[in-house]
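Below is one structure, written out as structure tokens; comments come after it.
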Amino acid sequence: GDSVTQMEGPVTLSEEAFLTINCTYTATGYPSLFWYVQYPGEGLQLLLKATKADDKGSNKGFEATYRKETTSFHLEKGSVQVSDSAVYFCALSDFTNAGKSTFGDGTTLTVKP
Amino acid sequence: GAGVSQTPSNKVTEKGKYVELRCDPISGHTALYWYRQSLGQGPEFLIYFQGTGAADDSGLPNDRFFAVRPEGSVSTLKIQRTERGDSAVYLCASSAGQGRETQYFGPGTRLLVL
């Protein structure tokens, strides 16, 4: 079945540091890939997505590129802010599997001033 | 417009009791999903509705869990004879269609079974 593996956390960075959160996946079909963010006390929000190979999703300075050859979708940001502190989830949605999403276990990011 | 809403936001119940969790999807969204998120983990799929019918209920853990969507809009997740292990955040999401459509999540219902 489908699965998503995220780099384990927690991750602690200083403000303006470079961020990478690794994500790899296994899917039987050709999935769409997503990053969701969950801020403290809030619900899941879509951060960015990519629907086909080599697509780059971007939002709020975050980027991730759909790499079919390495089955990866790593999240990056060049300069993190304290307000980026949150839990980040990588997920896939597979059309051949009714579109239900499969999530990684999340990576907690803490950014210190 | 309004996003996905879920009620109640928190529910505390005793072991063995029956609970109902409600989800109001985004207006016009035909697809509706229920997920369960345990502490420290990502959401896990429970059930998917396309319109009024449950198109995929393979994620329901056992027959104590049941969900309905009688008019193709609001959905109710029902849990009978609750157990302490059912404690989790129950998330609802809706999308305009299945497959590659973006799913929009509600804030969740935090269920605590004592």
(message) Can you tell me the length gained on complete extension of the stretch B:ARG81 to B:THR7, counting 0.36 nm per residue apart and subtracting the Cα distance?
(response) 24.7 nm
(request) Using only the alpha-carbon atoms of the stretch A:1-105, report the extent along each of the three principal axes, biggest first, to the nearest angstrom. (result) 40, 28, 22
(request) Any chance you could list the semi-axes, whole Å, largest first, of the equivalent ellipsoid that the Cα gyration tensor gives for the stretch B:30-114, using √(5λ)? (result) 21, 15, 11
(request) Give the cross-link partners of A:LYS77 among the aspartates and glutamates, using a straight C-alpha distance below 16 Å as the criterion and excluding same-chain residues fewer than 8 apart. (result) A:GLU15, A:GLU16, A:GLU63
(request) Run the quick spin-label model on B:LEU112 and A:LYS52: label points 7 Å from Cα toward the beta carbon, then report their separation in nm to one decimal. (result) 4.9 nm
(request) Could you look at the protein assembly as shown and say what percent of its accessible area is carbon and sulfur, using a 1.4 Å probe and all protein chains? (result) 47 percent
(request) Could you give the size of the charge dipole of the stretch B:12-114 about its Cα centre, using +1 on the Cβ of each K and R and -1 on the Cβ of each D and E, expressed in debye and rounded to the nearest 20? (result) 260 debye
(request) With both partners inside the protein assembly as shown, how many of the DSSP beta bridges are antiparallel, as a percent to the nearest 5? (result) 90 percent
(message) Within 15 Å, Cβ to Cβ, of A:HIS74, how many net charges do the neighbouring residues add up to if Lys/Arg are +1 and Asp/Glu are -1?
(response) -1
(message) Springs between alpha-carbon pairs under 10 angstrom, Gaussian network model over chain B: which of B:GLY85, B:GLY97, B:GLY72 fluctuates most?
(response) B:GLY85
(message) With +1 on the Cβ of every Lys and Arg and -1 on the Cβ of every Asp and Glu, and nothing else charged, how large is the dipole of the stretch B:53-110 about its Cα centre, in debye rounded to the nearest 20?
(response) 200 debye
(request) Work the Kirkwood hydrodynamic radius out for the protein assembly as shown: mean of 1/r over every pair of different alpha-carbon atoms, inverted, in Å. (result) 18.0 Å
(request) Using R₀ = 25 Å, calculate the FRET efficiency as 1/(1 + (r/R₀)^6) where r is the Cβ-Cβ separation of B:ARG22 and B:ASN62; round to 0.05. (result) 0.75
(request) Express in % the proportion of alpha carbon pairs of the stretch A:45-113 at distances exceeding 20 Å. (result) 32 percent
(request) Go through the stretch B:8-105 and name the trypsin sites (Lys or Arg not before Pro) that are in a DSSP coil and have 15 or fewer other Cβ atoms within 10 Å of their Cβ. (result) B:LYS15, B:LYS17, B:ARG64, B:ARG81
(request) Compute for chains B and A the buried accessible surface, both sides summed, probe 1.4 Å, and express it in Å² to the nearest 100. (result) 1700 Å²
(message) Relative contact order of chain A, please, whole-number percent, based on alpha carbon pairs below 8 angstrom and at least 6 residues apart.
(response) 36 percent
(message) Net charge within 15 Å of A:PRO10 by Cβ-Cβ distance, Lys/Arg positive one each and Asp/Glu negative one each, not counting A:PRO10 itself?
(response) -2
(message) Per residue, how much accessible surface does the stretch B:12-114 expose to a 1.4 Å probe? Answer in Å², no decimals.
(response) 46 Å²
(request) Compare the Cα positions of B:VAL19, B:SER95, B:GLY51 along the charge dipole of chain B (+1 at Cβ of Lys, Arg; -1 at Cβ of Asp, Glu; about the Cα centre) and return the one farthest towards the positive end. (result) B:VAL19
(request) Would you tally the net charge around B:ASP86, using a Cβ to Cβ cut-off of less than 15 Å, leaving B:ASP86 out, and scoring K and R as +1, D and E as -1? (result) +4
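The values are calculated or read from the model by the stated rules, or taken from the named source; none is laboratory data. Remember, predicted model here, so these are calculated numbers, not experimental data. Quick reminder, even Gly has a Cβ in these numbers, built from the backbone with ideal geometry, and neighbours come from all protein chains shown. Just so you know, the surface numbers come from the protein's heavy atoms only, side chains and all, with ligands and any DNA or RNA stripped out. Shrake-Rupley method; radii C 1.70, N 1.55, O 1.52, S 1.80 Å.
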